[in-house]
1. Which of (1) away from the ligand (no atom under 13 Å from the Cβ); (2) in a loop (DSSP other than H, G, I, E, B); (3) surrounded by fewer than 14 Cβ atoms within 10 Å (Cβ to Cβ); (4) not β-branched (Val, Ile, Thr) does GLN57 not meet, given it meets every other one?
2. Test of understanding: among GLY67, GLY117, which residue is near the ligand (Cβ under 10 Å from one of its atoms), farther than 18 Å from ILE142 by Cβ and either in contact (Cβ under 8 Å) with a residue 40 or more places away in the chain or open to solvent by 60 Å² or more (accessible area, probe 1.4 Å) (or both)?
3. In segment 70-84, what count of residues is obtained for those that are near the ligand (Cβ under 10 Å from one of its atoms), touching a Lys or Arg at 6+ places or on another chain (Cβ under 8 Å) and in a loop (DSSP other than H, G, I, E, B)?
4. Condition first: open to solvent by 20 Å² or more (accessible area, probe 1.4 Å), near the ligand (Cβ under 8 Å from one of its atoms) and within 15 Å of the chain's Cα centre (by Cα). Now tell me which residues in segment 85-101 satisfy that.
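The values are calculated or read from the model by the stated rules, or taken from the named source; none is laboratory data. Since this is a predicted model, take the numbers as computed values, not measurements. When we count neighbours, we look across all protein chains shown, and the Cβ atoms used for this are built from the backbone with ideal geometry, even at glycine. Side chains included, ligands, DNA and RNA excluded: accessible areas come from the protein's heavy atoms. Shrake-Rupley method; radii C 1.70, N 1.55, O 1.52, S 1.80 Å.
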Amino acid sequence: MRNISSGRVLLCLLMISGLTSGRVVADGNEVLSNNEELAEVSLAFDLQPIFDTYCVQCHLLESAQGGLVLENGEAWANLVNADSTQAVLKRVDPGTPAESYLLHKLRGTHIKAGGSGQPMPYGSEASAGISASSVELVERWISEGAADN
Ligand code: HEC
């Protein structure tokens, strides 16, 4: 029940964020079709809406699960070059997605990466996690240097 409606909400958010960051081409159907023509992934416009929908209910200032705050304005400092509390990795290692624990938690490869706990978002069935294209956005943002943009 939650899955369908939150999926639609996310789709809308992604479309809106795509529009505001100028990534949607004229016919609106070719987002992500040609990586070379895409604008840089924006933390504020592309990723924060994903965090707001799927993560901040647990990763908020008052009660930061795993010591991680993903609220607007806090996410960058909590992620980029910040030590994971679970693995000998940074949560986000700019330019190096394979060494970024955040991505391992989203893909469920965190145990192999030397970490612990559950895949994120916590408590989701495999099918109810964030979409593969959202995870790809996170990966691209890290590859592009994880700017506070
Ligand atoms: C229902 C609560 C809940 C939700 C929703 C949730 N998390 Fe978590 N998160 C936790 C808890 C609890 C832990 C620590 C235990 C664990 O890892 O299983 C954690 C740990 C983490 C860690 C590891 C932190 C570290 O220092 O290594 C990352 C990264 C993370 N979460 C990212 C996310 C992201 C990104 C989302 C959204 C896509 C998300 N979480 C959604 C509860 C949640």
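1. Checking GLN57 against (1) away from the ligand (no atom under 13 Å from the Cβ); (2) in a loop (DSSP other than H, G, I, E, B); (3) surrounded by fewer than 14 Cβ atoms within 10 Å (Cβ to Cβ); (4) not β-branched (Val, Ile, Thr), the one that fails is (1).
2. Just one listed residue meets the conditions, GLY117.
3. Step one: filter segment 70-84 for residues near the ligand (Cβ under 10 Å from one of its atoms), giving 70, 75, 78-79, 82-84.
Restricting the remaining residues to those that are touching a Lys or Arg at 6+ places or on another chain (Cβ under 8 Å) gives 78-79, 82-84.
Right, trim to in a loop (DSSP other than H, G, I, E, B) and you get 82, 84.
Qualifying residue count for the region: 2.
4. ARG91
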